[in-house]
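Have a look at the structure below before the remarks.
Readers should treat all values here as calculations from the given coordinates under stated rules, not as data from a laboratory. Note that the structure is a prediction, hence the values are computed from the model and not measured. Positions of Cβ are generated from backbone atoms using ideal geometry, with glycine treated the same way; all protein chains shown enter the neighbour counts.
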Amino acid sequence: MISLKAVTKIYQSNRNPVKAVDQVDLEIQSGEIFGIIGYSGAGKSTLIRLLNGLEKPTEGSVNVAGKRIDRIKGKELRTARKEISMIFQHFNLLWSRTVRENIAFPLEIAGVAKSERLKRVDELIKLVGLEGKEDAYPSQLSGGQKQRVGIARALANNPKVLLCDEATSALDPQTTDSILDLLVDINKRMGLTIVLITHEMHVIRKICHRVAVMENGKIVEQGDVLTVFRNPQADITKRFVKQVTEPEETKETVEHLLDKYKKGKVVKLTFIGDRAEQPVISKLIRQFDVDVNILQGKISQTQNGSYGSLLIHIDGKEEKIKEAIEYIRNQQIEMEVIANG
Amino acid sequence: MAETFLPNVKWDKVLDAAYETVYMTGVSVAATFFLGIILGLLLFLTSKGNIWQNNVIHSIVAAIVNIFRSIPFIILIILLLPFTKAVVGTILGANAALPALIIGAAPFYARMVEIALREVDKGVIEAAKSMGATTSTIIFKVLIPESLPALVSGITVTAIALVGYTAMAGAIGAGGLGNLAYLEGFQRNHNDVTLVATILILIIVFLIQFIGDMITKSIDKR
């Protein structure tokens, strides 16, 4: 559905040119929810704007829904944009129009007749759950409701691709979740391809199938969300993964524990997919003569399975501990011995 | 009673003069609104980072606007006399004041339009582009509606300035309340006429401000 080949975007500012996107190759399949994560300044905003021609690449080719977005312009580009819609961090609604009129705007642009417009707008309002707010102005809506208007507006012309530019970054955690649920629902129901950029790993974890990590204009890592979570390669990816798998205070907790538990071993287990749902610990205690103390644990759901980490302290006779650890290894659970007592 | 306090006021003349003032203001405000928006749009759209970014056109329009905005109005009227004579056919009367009024006020208003357009959220323009909007759609369905309160309050200020300009134009033969105050009031030393003309001008100004504020308030949904 989307294919970028060796795409580079250079901004010519006074004297020193800025390379916002640097030799990016990207393939996004139809019906996929693809996340691009990076800190601000990584080039992800530029990258997503290359996909609908708001920015033109300096080099390389951009192919979206069968159109060479980097080449076409004028009427052809405007027509192509009706199939590639976009939602924004700050919603970008017209304050002078009501909810209904805002959603009707892209239909007016597409030249849809008025009676049909009204019908389509009503459908969309129902789809995003804004019944009763039809005649409200944006200033009368909450952030979450404004983004729902943005989503309805983006879906008006039945696009093939939806681009989300930090669509939840201005929302509180609860509202973020409800908007993400709506996106997943739309993706499943309409088979829409969604490309989103964010700086929150939580967003990637919750709805994306695949993820690309961006740093300094380059994609440093990409793959299935679960694979990237299990085995992050780049340092920046590891940092992002930590955002969701390890609570802030983990490091301090561990240091504190290492002082406390002089005997036995502190072990970190990482569960992927089905393994996360197996009663490994209770089996461990039953089969081996060891004491297991659960120090900290967390399981997160992603679109392609669950992912969890568990920090435990195993105590007992030395060979028993060894056997226990051997058992865990055989369960195909990723394991890391953090400290020996 | 009016005769005792205002012995020299001829009400039919006052009424005619008031009508002329309202006429000159009305026509020039309408033309200024139209012309100012065109010039303001041109200034905005050709400026850096906008749809028609073009340094040459922008500089030319900006120069014209600045020149006509800087010439004192009374001098502008005199400079425009040949032009007025050619266009209107006379240099006397209310219609003869119109070219100078419009040419004096439109550049002033164009700057206000430009500022109003610059205040329109860039993100909203980007959103419209991302939907495949043409430039004319962006102008008429995004830029103008989204800046309308500022455009209306701008034209209100300009209209009040134009009332003042009509009085000045009146002094050199355009008619209206300014002409009445100058000829009948000042030159004949009839202070009561000057007073009545002043009060009427004040009423016109207050009315314009009141109507402008009302419209601005009712269209601003932010």
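At-a-glance table
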{"read-out": "Dipole magnitude of the stretch A:250-340, debye to nearest 20 (Cβ charges: Lys/Arg +1, Asp/Glu -1, about Cα centre)", "value": "80 debye"}
{"read-out": "Against the rule of thumb 2.2 N^0.38 Å, how large the Cα Rg of the stretch B:49-96 comes out", "value": "1.62"}
{"read-out": "Computed over the stretch B:2-219, Kirkwood Rh from alpha-carbon pairs, angstrom", "value": "18.9 Å"}
{"read-out": "Residue order, fewest to most surrounding Cβ atoms within 10 angstrom, among A:His256, A:His202", "value": "A:His256, A:His202"}
{"read-out": "Under 5 Å, built H, 5+ apart or other chain: amide partners of B:Asn8", "value": "none"}
{"read-out": "Fewest-first ranking of B:Val113, A:Val267, B:Val14, A:Val228, using other Cβ atoms within 10 Å as the exposure measure", "value": "B:Val14, A:Val267, A:Val228, B:Val113"}
{"read-out": "Likely footprinting exposure, A:Ser45, B:Ser28, fewest C-beta neighbours within 10 Å first", "value": "A:Ser45, B:Ser28"}
{"read-out": "Candidates B:Arg118, B:Arg69, B:Arg188, ranked by Gaussian network fluctuation over chain B, Cα under 10 Å, top entry", "value": "B:Arg188"}
{"read-out": "Loop-resident sites, the stretch A:1-70, for trypsin sites (Lys or Arg not before Pro), counting at most 10 other Cβ within 10 Å (DSSP)", "value": "A:Arg15"}
{"read-out": "Above-threshold pairs, the threshold being 27 Å between Cα atoms, out of A:Lys126/A:Lys206; A:Lys19/A:Lys146; A:Lys75/A:Lys206; A:Lys82/B:Lys122; A:Lys206/A:Lys322; A:Lys5/A:Lys146", "value": "A:Lys19/A:Lys146; A:Lys75/A:Lys206; A:Lys206/A:Lys322; A:Lys5/A:Lys146"}
{"read-out": "Kirkwood hydrodynamic radius (C-alpha pairs) into Stokes-Einstein, the protein assembly as shown, 4 °C and 1.567 mPa s, D in µm²/s", "value": "45 µm²/s"}
{"read-out": "For chain A: relative contact order, % (alpha-carbon pairs under 8 angstrom, 6 or more apart)", "value": "18 percent"}
{"read-out": "Entries in A:Lys133/B:Lys129; A:Lys160/B:Lys48; A:Lys73/B:Lys48 that, when Cα-Cα distance is taken, lie over 23 Å", "value": "A:Lys133/B:Lys129; A:Lys160/B:Lys48"}
{"read-out": "C-alpha long axis of helix B:144-169 to longest principal axis of chain B, angle in °", "value": "30 degrees"}
{"read-out": "The stretch B:157-222, relative contact order [Cα under 8 Å, separation at least 6], %", "value": "24 percent"}
{"read-out": "Hydrodynamic radius of the stretch A:212-323 per Kirkwood, over alpha carbon pairs, in Å", "value": "15.7 Å"}
{"read-out": "Viscosity 1.567 mPa s, 4 °C: Kirkwood-radius Stokes-Einstein D of the stretch A:2-244 over Cα pairs, µm²/s", "value": "70 µm²/s"}
{"read-out": "Label-zone membership for the stretch A:151-183, site A:Glu123, 7 angstrom Cα→C-beta point, backbone N under 20 Å", "value": "A:151-163, A:182-183"}
{"read-out": "Amide H within-cut-off set for A:Ile87, under 5 Å, with H built and near neighbours excluded", "value": "A:Leu163, A:Cys164, A:Asp165"}
{"read-out": "Chain B, helix-only ellipticity at 222 nm - DSSP H runs n ≥ 4, -39,500 (n - 2.57), divided by all residues, nearest 500", "value": "-24500 deg cm²/dmol"}
